[in-house]
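The values are calculated or read from the model by the stated rules, or taken from the named source; none is laboratory data. Nothing here was measured: the structure is a model prediction, and the numbers come from that model. All Cβ positions, even for glycine, are placed from backbone atoms using ideal geometry, and neighbour counts span all protein chains on display. Calculation scope for accessible area: heavy atoms of the full protein, side chains included, ligands and nucleic acids excluded. Shrake-Rupley method; radii C 1.70, N 1.55, O 1.52, S 1.80 Å.
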Amino acid sequence: MAATVQDVRRIALSLPDSSEKPAWGMPTFRVAGKIFASVADDDTAIGVKCPREDRAELIASEPDKFFIRAGHDENYAWIRVRLSAVGDEAELRSVLLDSWRQAAPKRLVAAHPELAADAG
């Protein structure tokens with residue numbers, strides 16, 4: 001069963017100090033004012049934070065799941081994830097949690113050590 005935008009919203013908003021705010025006509029999810037996830041305008045993919053040095057390996061290992069939007073993502077620490085290719089809710093939570101950790105202030109991440117255990 002493919003992940004849905006409703007799954008993304010539920011999981012993203014369950015993370016500490018997360019909020020939803022529209023931007024560019026699409027839902028975005030933020031922590032401390034920083035976007036950690038956005039929904040594509042066609043609801044088929046999400047964008048999440050990802051170190052640029054990790055993107056090529058992710059895309060090469062699972063090209064049906066991970067991609068960058070040409071002309072847009074090259075200069076940002078961001079990757080796209082096709083919701084239809086996400087295996088299950090645990091995988092979606094892992095993707096969103098990893099992005100949340102990158103955007104959240106260090107003090108907030110440190111205040112929630114239980115989320116560090118989900119890191120792998």
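General observations
- Neighbourhood net charge (10 Å Cβ-Cβ; Lys/Arg +1, Asp/Glu -1) for Gln102: +2
- Looking at the chain, the pairs of alpha carbons with a distance over 19 Å make up 43% of the total.
- Protein heavy-atom surface of the range 1-60, 1.4 angstrom probe: 52% of the accessible area is carbon and sulfur, with nucleic acids and ligands not counted.
- Rough spin-label spacing in nm, given labels placed 7 Å along Cα→Cβ, for Ser61 and Asp42: 2.7 nm
- Gain upon complete extension [Gln6, Trp24; 0.36 nm per residue less C-alpha separation]: 4.6 nm
- Report note on the peptides 25-33, 70-78, 84-92: ranked by the mean count of other C-beta atoms within 10 Å, highest first, their order is 25-33, 84-92, 70-78.
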